[in-house]
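For reference, the structure is listed below as structure tokens.
A short reminder: the numbers here are calculations on the coordinates, not readings from a lab. Just so we're clear, the structure is a prediction, and the values are computed from it rather than from any experiment. Positions of Cβ are backbone-derived with ideal geometry, glycine not excepted, and every protein chain shown enters the neighbour counts.
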Amino acid sequence: MSGQIASNIAHIHSEISKYAALFGREPEAVMLVAVSKTVNLDSILEAVATGQRHFGENYVQEGVEKIQTLAALQPVLAAQLQWHLIGPLQSNKTRVVAQHFDWVHTIDRLKIAQRLSEQRPADKAPLQVLLQINVDGAASKSGIAPSDALALALAVQALPQLQLRGLMSMPDPQHEAAQTQELHRQVAECLERINQHPSFAAQPLDILSMGMSGDMPQALAAGSNLLRIGSAIFGQRAAKTP
């Protein structure tokens, strides 16, 4: 796959620039997280060679193994990378996540946030965290209802070893494009409501983690400034059991 990953990343950046211009956005303000679940280290290093520095993992143990392996093989390079946990997090795995990851996108319970804060090593920067919003309202999905977001945001904001940055959502991919964009817009409005609370006046939440390979235009139109792109960079991957 030599050269294909670099070509794919260049294409994604071109698309970001195109849609940013269309929606009156600055392309430099959009963070690209390359979703590297089930992807081998050689492919990750191909992406790193293009300047990509943010990577997203769905499975805790797989992600930790990659982080540790890269740190052992190329410590200087590894120190430049930021690792995002974008999959569900169980309470029995919070310690290893707090020790190794830089971002967690899937906070939907105060208990999880409290454990991450307590277990974050003192010599590391605060863990950057997002609240996961279940914007579809599907019972089978992780995340909290938009109506519960402010209360959880206030509680998480008070935790010492975390820095609450914003919201994440993942609408059902079966939705039509217009409905997907509307759901993304609802999450953006949720962020605005949280920021209207006096507790966030000094440091407003600034991240909307919305949009994947299949709904990037709709997410950017709604205000996303963090895209989680996997297959459009690394190609289609076989399903993996966590």
Taking the Cα centre of the chain as origin, sum charge times position over the Cβ atoms of Lys and Arg (+1) and Asp and Glu (-1), and report the length of that vector in debye to the nearest 20.
520
Extending each Cα 7 Å along its Cβ direction at residue 193 and residue 4, get the distance between those two points in nm, one decimal.
4.4
Could you give the length gained by full extension between residue 177 and residue 148, i.e. 0.36 nm per residue of separation minus their alpha carbon distance, to one decimal place?
7.8 nm
Here are some pairs, 18/66; 93/141; 93/124; which of them have Cα atoms lying more than 22 Å apart in this structure?
18/66
Distant-in-sequence amide H partners of residue 120 (H built 1.01 Å from N, under 5 Å):
none
Using only alpha carbon pairs under 8 Å that are at least six residues apart, calculate the relative contact order of the chain and give it in whole percent.
19
Can you give the convex hull volume per residue for the Cα atoms of the chain, as a whole number of Å³?
129
Inter-label distance, nm, simple model (7 Å from Cα along the C-beta direction), residue 122/residue 186
4.5
Let me check against my output: what whole-number percent is the relative contact order of the range 1-138, with C-alpha pairs under 8 Å and at least 6 apart?
17
Extend 7 Å from the Cα of residue 53 along its Cα-to-C-beta direction; within the range 198-215, residues with backbone N under 18 Å of that point are 207
Report, ordered by chain and residue number, the aspartates and glutamates lying within cross-link reach of residue 111, taken as a straight Cα distance under 18 Å and ignoring same-chain residues fewer than 8 apart.
148
Charge dipole magnitude, Cβ of K and R +1, D and E -1 - the range 1-127, Cα centre, debye nearest 20:
420
In whole angstrom, note down how far apart the Cα centers of the range 184-242 and the range 64-90 are.
21
Among 126, 49, 38, the residue whose Cα sits farthest towards the positive end of the charge dipole of the range 1-139 (+1 at Cβ of Lys and Arg, -1 at Cβ of Asp and Glu, taken about the Cα centre) is 126
Which residue, chosen from 209, 104, 190, occupies the Cα position most advanced towards the positive end of the dipole of the chain, where the dipole is computed from +1 (Lys, Arg) and -1 (Asp, Glu) charges on Cβ about the Cα centre?
104
Can you tell me, using C-alpha contacts under 8 Å and at least 6 residues apart, the relative contact order of the range 12-66 as a whole percent?
32
So how much slack lies between residue 18 and residue 206, counting 0.36 nm per residue of separation and subtracting their Cα-Cα distance, in nm?
65.5 nm
Please report how far the C-alpha centroid of the range 1-63 lies from that of the range 117-167, rounded to the nearest whole angstrom.
24
Quick calc, the range 132-242, dipole around Cα centre from Cβ unit charges on Lys, Arg (+) and Asp, Glu (-), nearest 20 debye, gives 380
